[in-house]
1. Report yes if Leu27 is surrounded by 15 or more Cβ atoms within 10 Å (Cβ to Cβ) and more than 30 Å from Gln199 (Cβ to Cβ), otherwise no.
2. Among the residues of segment 23-48, what is the count of those that are among the hydrophobic types (A, V, I, L, M, F, W, C) and modelled with pLDDT under 95?
3. Output yes when any residue across segment 35-47 is of a type in the set (A, V, I, L, M, F, W, C), surrounded by fewer than 23 Cβ atoms within 10 Å (Cβ to Cβ), over 17 Å from Gly139 (Cα atoms) and within 17 Å of the chain's Cα centre (by Cα), and no when none is.
4. Across segment 97-136, what is the number of residues that are among the small types (Gly, Ala, Ser) and outside any helix (DSSP H, G or I)?
5. Quick one: count up the residues across segment 58-75 that are farther than 10 Å from Val155 by Cα and either among the hydroxyl-bearing types (Ser, Thr, Tyr) or in contact with a helix residue (DSSP H, G or I) (Cβ under 8 Å, 6 or more places away or on another chain) (or both).
6. Just to be sure I understand, how many residues within segment 174-216 are within 23 Å of Arg91 (Cβ to Cβ), charged (D, E, K, R) and modelled with pLDDT of 95 or more?
7. Those residues that are assigned to a helix (DSSP H, G or I) and among the hydroxyl-bearing types (Ser, Thr, Tyr), I need them from segment 148-196; list them, please.
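The values are calculated or read from the model by the stated rules, or taken from the named source; none is laboratory data. Not measured: the values here are computed from a predicted model. Note: ideal-geometry Cβ built from the backbone for every residue, glycine included; neighbour counts use all protein chains shown.
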Amino acid sequence: MWGYNIAKISELMTHIVGIDEAGRGPLAGPVSVGAVRVPKSFNKKFWKGIKDSKQLTLEERELWFALAQEGKKKKELDFAVSLVSEKVIDRHGIAYAIRLGIKRVLKSLGTSKTESQIFLDGGIKAPIEFKHQLTVIKGDEKIPIVSLASICAKVVRDRRMVKLSKKYPEYDFDLHKGYGTLIHRQALKKYGSTELHRQSFLKNLPTGRLDSSKIG
């Protein structure tokens, strides 16, 4: 059901939480942290066909996000997404911004520090007071609830970037969502940066052509 043996989760646990981030690497826009919480008895049929957000099409991500919204409306599950601004990223670094996002979503969901089993993707961790947490490499591929967290994080961030593209039409944020594609770097060269850009990331831009397919 979860990619890990549910029987190994303590009987004291009442909920399962999955956490992932989206937008760690873009040159512009916020980083997004998503969290999904379900009761331990959640219907496993819900997860059929789910994948990591990067392995889904735009339409598939939107469908899963709609399912999450429907589940939240019916109080079958809950989810939260935190967008941490580029200003915070520039001031404190991307790792700090992601940790802040994790704290925000856990608080938003009212996550119990003692009765929730938390799964996180990659190298991210919940605050130390959450005793029952496990960080899993490629957790967004192995654990369905983390996959849904990744989808929620990406859909919310992508929608924000599409909205911001109307304010900055010359940068085509609706196409690349702030990632360092060739078209984005050409716009930066022509127009310079905006308040939406991560200045700390622009300082480290490599020279030469960037692979425009790497849009995340």
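1. Considered against the rule, which asks whether it is surrounded by 15 or more Cβ atoms within 10 Å (Cβ to Cβ) and more than 30 Å from Gln199 (Cβ to Cβ), Leu27 comes out as no.
2. 3
3. no
4. The number of residues fulfilling the criteria is 6.
5. Here the count works out to 3.
6. 3
7. Matches in segment 148-196: Ser150, Ser165, Tyr171, Tyr191.
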